[in-house]
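The next block holds one structure in the form of structure tokens; read it before the comments.
The values are calculated or read from the model by the stated rules, or taken from the named source; none is laboratory data. Note that the coordinates shown come from a computational prediction; the quantities given were computed from them, not determined experimentally. Please note: Cβ atoms are built from the backbone with ideal geometry, for glycine as well, and neighbour counts cover all protein chains shown. These area figures cover heavy atoms from the full protein model, side chains too; ligands, DNA and RNA do not enter into them. Shrake-Rupley method; radii C 1.70, N 1.55, O 1.52, S 1.80 Å.
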Amino acid sequence: MSVLDLFRLDGKVAIVTGGGRGLGRQIAQAYAEVGAKLVLCSRRVENCEQVKAEVEAMGAEAVALPLDLTDPASVQRVADETVARFGRIDILVNNGGASWGAPALEMPYEAWMKVIQTNLTGTFLMSQAAARHMKEQGGGKIINIASVAGLGGTAPEVLDAVGYNASKGGVITLTKDLAVKWARYGIYVNAIAPGFFPTKMTKAVLEKSGDLIRRATPLGRVGGPRDLQGAALYFASAASDYTTGQVLAVDGGQSAG
């Protein structure tokens, strides 16, 4: 076996939440290139349909499903429909999320709850639903998309979104705890902590503070259209078969400072 074969995903079934745009789209394209079958899901299923067409043009098999991460029944439907369609779940990427910008002293309760329920509770519910199938089949890989914002505090001039920071910090600890609890079932749980990438969620932040962010990033730039793909592929593939409970910052060196 070539070392490159360790990174193949031929025949593997991967669910990508928030798979209709941004980082989810980038990850889906990477998995399609190396042979995975894809289930793309988000609240706006029409965006997933567009990415489905893109990866099918690459030769991949894919389906698009609606998903509300705050609704346990919706989460369970995605897991069950994936198994009904493809027979198994090999990979889960918990990428779907939400944010809300407001000073911490003014953060509305409803906004706080929306972000926590989507980013943290939704990640747990999706992981739980997928892991139940993974346990039965002998294992699987879960990749949680956290954030460098979950590694510590951020100056309000850069990112004033306390609920988002707290939720991503929770995702990081959730990753480590599930990795310990589920290793006995052959289920790997790791996280990627991206820095700033140009997505719909970060558009306003980059417009306001892009120069400040670039100056605080040793590589001097934000993430590009393929910069997350290598990390996402590593954690999904056999290349990471002795790695679990880890958090990899893909941030241009921002968190090293």
Q. How many angstrom lie between the C-alpha centres of segment 12-43 and segment 177-216?
A. 16 Å
Q: Could you tell me, in Å, what Rg and Dmax come out for the Cα atoms of the chain?
A: 17.3, 56
Q) How many percent of the accessible area of the chain is carbon or sulfur, using a 1.4 Å probe? A) 54 percent
Q) Which value in deg cm²/dmol, rounded to the nearest 500, describes the helix-derived mean residue ellipticity at 222 nm for the chain, given -39,500 (n - 2.57) per DSSP H run of n ≥ 4 and division by the residue count? A) -13000 deg cm²/dmol
Q) Of LYS168/LYS200; LYS114/LYS168; LYS12/LYS52; LYS181/LYS203; LYS141/LYS168, which pairs sit farther than 25 Å apart, going by alpha carbon to alpha carbon? A) LYS181/LYS203
Q) Where in segment 18-46 does the amide nitrogen come within less than 19 Å of the point 7 Å from the Cα of LYS200, taken along Cα to Cβ? A) 18-29, 39-46
Q: Just read off the accessible area of LYS203 with the full protein assembly in place, 1.4 Å probe, to the nearest 10 Å².
A: 120 Å²
Q) Hey, if you put +1 on the Cβ of every Lys and Arg and -1 on every Asp and Glu Cβ in segment 3-250, which of ALA73, SER240, VAL45 ends up farthest toward the positive end of that dipole? A) SER240
Q.
Taking amide H atoms as placed 1.01 Å from N in the peptide plane, list the residues 5 or more away in sequence, or in a different chain, whose amide H sits under 5 Å from that of VAL250.
A. ALA193, GLY195
(Q) I'd like the Karplus ³J(HN,Hα) series for segment 161-171: coefficients 6.51, -1.76, 1.60, θ = phi - 60°, whole numbers in Hz, and an x wherever there's a Gly or Pro. (A) 8, 4, x, 5, 4, 5, 5, 6, x, x, 4
Q.
About the Cα centre, and with charges only on the beta carbon of Lys, Arg (+1) and Asp, Glu (-1), how big is the dipole of the chain? Nearest 20 debye, please.
A. 220 debye
Q | Per residue accessible area of the chain, 1.4 Å probe, in Å² | A | 46 Å²
